[in-house]
């Protein structure tokens with residue numbers, strides 16, 4: 001190994017492993033190491049995924065030491081390591097006041113102190129937060145995801161014992177925890193704080209929104225200027241003399257004390273930074289015209305913009321969280337690679353596939369691709385995609401992150417038969433890969449309609465190694481798709497850049513953007529297959545809509561009014577076995593039934609109408625009466641909410657007068673212009689030309705009743 005003038009370390013903590021890579025002064029990878037990390041997951045709690053911060057840090061220490069050994073680093077070369085940059089998944093880490101792990105698990109095991117990003121336990125809590133229509137939600141596509149931290153924090157407060165919740169003294173997004181573990185500093189990153197914890201950041205404001213947290217009884221997180229979430233929040237690449245490797249961490253990693261540590265990034269953001277640092281395949285493409293898809297277990301669609309672009313169902317826009325003075329939007333697929341793995345590994349022929357791959361010393365994807373090529377030749381067809389003509393699939397196995405923002409959506413498969421052969425497995429593999437591509441088109445189209453404009457689509461991450469997927473995405477969107485080589489280095493490159501820019505006082509991030517020579521592989525679209533994919537894409541969207549319609553029908557009057565279901569829900573909400581539902585229980589029940597959080601005034605009105613009341617709440621029979629009487633009102637509210645969201649295209653949280661007029665047209669309510677004008681003025685009490693959802697809902701219900 002030739003001597004470099006300096007070295008930079010990039011460390012990536014993904015869903016299932018830790019990776020470490022050392023780069024030289026020309027950003028050429030020198031050596032890398034990977035180590036699996038533990039995930040705690042039980043069939044008895046299928047939505048809950050947990051990890052251990054201790055296990056993750058030990059894996060990091062192992063990887064760094066292994067890199068030094070595998071790279072045969074001399075003491076002189078170790079002394080030339082100037083920086084370390086961290087990225088990680090957006091998982092929630094909990095520590096006590098002494099910085100020891102606090103359990104987030106039903107088991108009570110303190111080693112299980114991380115709620116993973118893909119954990120979906122906080123569905124009800126995220127729904128409560130979204131029902132508030134708080135203006136914070138405007139920067140999250142109109143609603144936060146249950147994968148973000150606010151819902152998980154609310155779940156912890158509602159489900160941990162009071163003693164356990166009190167013990168929890170520090171909450172970190174995982175990238176920020178790694179920075180703390182390396183430096184012993186409690187600073188937080190703007191990237192994690194804004195994108196996953198609703199920290200306010202724009203061109204004119206920044207800080208924790210205390211009113212937002214107080215709405216959900218989480219104001220204790222704001223004590224002492226938000227100490228539990230982080231008092232000091234720092235932009236990417238901001239320099240500080242305290243951002244250096246501590247003696248304790250240095251001893252554990254086998255490195256010298258005092259190495260510069262970069263402000264950390266979420267893994268997808270590190271991938272976007274690494275992708276944008278590579279020279280664009282279209283030389284004059286602006287950063288805002290480059291879409292970076294960071295594809296792995298999940299996939300993230302990262303897009304910069306000079307102005308705030310609001311996209312329904314897409315997270316952001318967030319200001320200054322990656323590139324200085326630019327906004328960033330993040331579309332996503334909760335289960336991209338995971339859906340492909342699931343379809344392959346649950347097929348009856350999977351063991352046969354695995355045995356064949358082992359015998360040939362090849363990976364399973366290479367074997368499947370060979371089978372598909374053989375089938376293509378056998379059937380004498382021009383394009384391998386045609387093999388899936390009669391099979392269709394969606395990838396919403398873990399809900400839909402973007403653009404439908406529906407965590408309860410399920411996957412759909414159409415066209416199954418009794419075939420359990422290896423050939424059938426290959427065709428199902430092809431079909432799920434196509435489904436990832438169709439879902440990608442849906443996200444890209446939604447972002448484009450809202451104001452983004454892409455000239456370059458660039459893929460990095462583990463899934464970029466699947467040439468079949470990349471080619472099909474190019475065919476589906478009918479644009480060239482570019483892959484940086486090696487495919488999974490962009491994330492590590494982005495992490496390393498963060499550290500290096502802290503170490504180099506002269507260099508700025510702008511100097512590196514679009515400036516690193518990375519090998520690029522280009523996948524050109526095949527126009528001859530465009531019509532085939534257009535038809536399959538329309539079927540894909542139809543399957544999604546059918547799944548939503550099916551769920552709506554099964555959750556409608558017939559199933560909700562079933563007494564057994566109501567009794568079961570009553571007992572689940574009456575957790576302390578009181579024999580009645582108190583105010584908090586009623587809130588939870590209404591969310592479980594209708595996805596709506598009742599405010600205290602509605603609950604008081606419900607309780608005040610109970611005759612001969614002997615409990616401070618609803619008994620089972622009273623709850624059944626409540627469910628029946630409330631259902632009709634909810635049906636109206638569902639229609640009103642759908643109308644409001646469709647008209648509020650930029651997720652502002654209000655309608656102007658033009659939107660208001662179109663609402664009556666959409667509902668087929670015929671009123672004279674004078675009456676509509678009068679109604680708008682009555683609702684617009686403060687005269688600012690805007691009407692909130694609450695006022696809009698009241699008016700639509702009033703007119704419908706009249």
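Give the residue, chosen from 405, 414, 435, that is under 20 Å from residue 539 (Cα atoms), touching a residue at least 40 places away in the same chain (Cβ under 8 Å), in contact with a helix residue (DSSP H, G or I) (Cβ under 7 Å, 6 or more places away or on another chain) and surrounded by fewer than 23 Cβ atoms within 10 Å (Cβ to Cβ). Exactly one of 405, 414, 435 is under 20 Å from residue 539 (Cα atoms), touching a residue at least 40 places away in the same chain (Cβ under 8 Å), in contact with a helix residue (DSSP H, G or I) (Cβ under 7 Å, 6 or more places away or on another chain) and surrounded by fewer than 23 Cβ atoms within 10 Å (Cβ to Cβ), namely 414.
Listed here are the residues, each with its yes/no results for (1) at pLDDT 80 or above; (2) more than 25 Å from residue 446 (Cα to Cα).
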site: 611; (1), (2): no, yes
site: 614; (1), (2): no, yes
site: 618; (1), (2): yes, yes
site: 651; (1), (2): no, no
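Considering segment 196-210, and only residues there that are loosely packed, with under 15 Cβ neighbours inside 10 Å and touching a residue at least 40 places away in the same chain (Cβ under 8 Å), the residue that is nearest to the chain's Cα centre (by Cα) turns out to be 202.
Residue 485 fulfils the conditions (1) touching a residue at least 40 places away in the same chain (Cβ under 8 Å); (2) surrounded by fewer than 21 Cβ atoms within 10 Å (Cβ to Cβ); (3) in contact with a strand residue (DSSP E or B) (Cβ under 8 Å, 6 or more places away or on another chain) except for a single criterion, (1).
Tell me, please, whether a residue that is surrounded by 14 or more Cβ atoms within 10 Å (Cβ to Cβ), touching a strand residue (DSSP E or B) at 6+ places or on another chain (Cβ under 8 Å), under 28 Å from residue 140 (Cα atoms) and modelled with pLDDT under 65 can be found in segment 631-647. Looking through segment 631-647, at least one residue is surrounded by 14 or more Cβ atoms within 10 Å (Cβ to Cβ), touching a strand residue (DSSP E or B) at 6+ places or on another chain (Cβ under 8 Å), under 28 Å from residue 140 (Cα atoms) and modelled with pLDDT under 65.
Listed by position, the strands (runs of 3 or more DSSP E) contained in segment 257-349 that have at least 2 residues being touching a residue at least 60 places away in the same chain (Cβ under 8 Å) and farther than 22 Å from residue 514 by Cβ are 327-333. Can you confirm whether segment 45-56 contains a residue that is out of contact with any helix residue (DSSP H, G or I) (no Cβ under 8 Å at 6 or more places or on another chain), at pLDDT below 95 and assigned by TED's automatic domain parsing to the domain that holds residue 163? Scanning segment 45-56 turns up at least one residue that is out of contact with any helix residue (DSSP H, G or I) (no Cβ under 8 Å at 6 or more places or on another chain), at pLDDT below 95 and assigned by TED's automatic domain parsing to the domain that holds residue 163.
Among the residues of segment 513-531, what is the count of those that are part of a helix (DSSP H, G or I) and buried (at least 18 other Cβ atoms within 10 Å of the Cβ)? I'd like the intermediate steps shown before the answer.
Initial filter on segment 513-531 (part of a helix (DSSP H, G or I)): 527-531.
If we keep only those that are buried (at least 18 other Cβ atoms within 10 Å of the Cβ) as well, we get 529.
So the count comes out to 1.
The condition of being touching a helix residue (DSSP H, G or I) at 6+ places or on another chain (Cβ under 6 Å), surrounded by fewer than 20 Cβ atoms within 10 Å (Cβ to Cβ) and closer than 26 Å to residue 58 by Cα holds for residue 254. The conditions of being assigned to a helix (DSSP H, G or I) and either in the same structural domain as residue 663 (by TED's automatic domain parsing) or modelled with pLDDT under 80 (or both) are not met by residue 577.
Yes/no matrix, rows are residues, columns are (1) within 15 Å of the chain's Cα centre (by Cα); (2) buried (at least 21 other Cβ atoms within 10 Å of the Cβ); (3) closer than 28 Å to residue 182 by Cα:
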| position | (1), (2), (3) |
| --- | --- |
| 263 | no, yes, yes |
| 268 | yes, yes, yes |
| 274 | no, yes, yes |
| 279 | no, no, no |
| 282 | no, no, no |
| 285 | no, no, no |
| 292 | no, yes, no |
| 300 | yes, yes, yes |
| 306 | no, no, no |
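Condition test on residue 357, is it closer than 30 Å to residue 60 by Cβ and either part of a helix (DSSP H, G or I) or within 19 Å of the chain's Cα centre (by Cα) (or both)?
Values: closer than 30 Å to residue 60 by Cβ: no; either part of a helix (DSSP H, G or I) or within 19 Å of the chain's Cα centre (by Cα) (or both): yes.
Answer is no for this residue.
Scanning segment 470-502 for residues that are under 23 Å from the mean Cα position of the chain (by Cα), within 12 Å of residue 278 (Cβ to Cβ) and at pLDDT 90 or above yields 483, 490, 493, 494. Would it be correct to say that residue 501 is in contact with a strand residue (DSSP E or B) (Cβ under 7 Å, 6 or more places away or on another chain) and outside the structural domain of residue 355 (by TED's automatic domain parsing)? For residue 501, the condition - in contact with a strand residue (DSSP E or B) (Cβ under 7 Å, 6 or more places away or on another chain) and outside the structural domain of residue 355 (by TED's automatic domain parsing) - is not met.
Under the condition of being crowded, with 22+ Cβ neighbours inside 10 Å and in a helix (DSSP H, G or I), the residues counted in segment 69-107 number 0.
Does segment 113-125 contain any residue that is outside any loop (DSSP other than H, G, I, E, B) and in contact with a strand residue (DSSP E or B) (Cβ under 6 Å, 6 or more places away or on another chain)?
Of the residues in segment 113-125, the ones outside any loop (DSSP other than H, G, I, E, B) are 114-115, 123-125.
Subsequent filtering for residues that are in contact with a strand residue (DSSP E or B) (Cβ under 6 Å, 6 or more places away or on another chain) retains 114-115.
So far as segment 113-125 goes, yes, one or more of its residues are outside any loop (DSSP other than H, G, I, E, B) and in contact with a strand residue (DSSP E or B) (Cβ under 6 Å, 6 or more places away or on another chain).
With respect to (1) modelled with pLDDT of 95 or more; (2) closer than 25 Å to residue 490 by Cβ, the lone exception for residue 141 is condition (1).
The values are calculated or read from the model by the stated rules, or taken from the named source; none is laboratory data. Since the model is a prediction, treat every value here as computed from it, not as a measurement. Cβ: placed from backbone, ideal geometry, glycine included. Neighbour counts: every protein chain shown.
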